[in-house]
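Here the structure is laid out as structure tokens; the discussion comes afterwards.
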Amino acid sequence: MTAVSAGAGELDGPLTVVPPGERGATRIADRVVTKIASQAALEAVGALPSDAARPSATVAVRHDVAHVRVHVELDYPCDVGARCRQVRGRVVERVGALAGMQVPEVVVQVERLHLAAGSGAVQGRTR
């Protein structure tokens, strides 16, 4: 005779509790951490000039420690140092919160400065 289950997910035997150290581990792929860092940099930079590229990142993860390099384009004039500090802080915060990793190093590389429209400066090349 065939046994019929009374409900989905019914177990035949008693539940056993597995100690936390024996349950396994969760590994977060480097590309996921890269996307988190890129999005965090975008959040920190805020509105981008129309011709600016989105921030990008590269990461090296080893034993739940992420070393991050972020490439950004900024509008100009601005306080470049303060903007880079904002990016660093946001990347550390978001990678730590979402991936559970320590971030001891965030290198922010400013790839390009975009002259703000209407700043009174002449656009283009001058001699």
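The values are calculated or read from the model by the stated rules, or taken from the named source; none is laboratory data. Just so it is clear, the structure is predicted and the values come from calculations on it, not from any experiment. For accessibility, only protein heavy atoms count, side chains too; no ligands or nucleic acids. Shrake-Rupley method; radii C 1.70, N 1.55, O 1.52, S 1.80 Å.
Keeping to the range 17-50, report how many residues are at pLDDT 85 or above, β-branched (Val, Ile, Thr) and open to solvent by 100 Å² or more (accessible area, probe 1.4 Å). So the answer is 1. Considering only residues in the range 20-47 that are of a type in the set (Ser, Thr, Tyr) and not in a loop (DSSP other than H, G, I, E, B), the one that is nearest to residue 75 (Cα to Cα) turns out to be 38.
Of the residues 58, 34, 16, the single one that is over 16 Å from the mean Cα position of the chain (by Cα) and not small (Gly, Ala, Ser) is 16.
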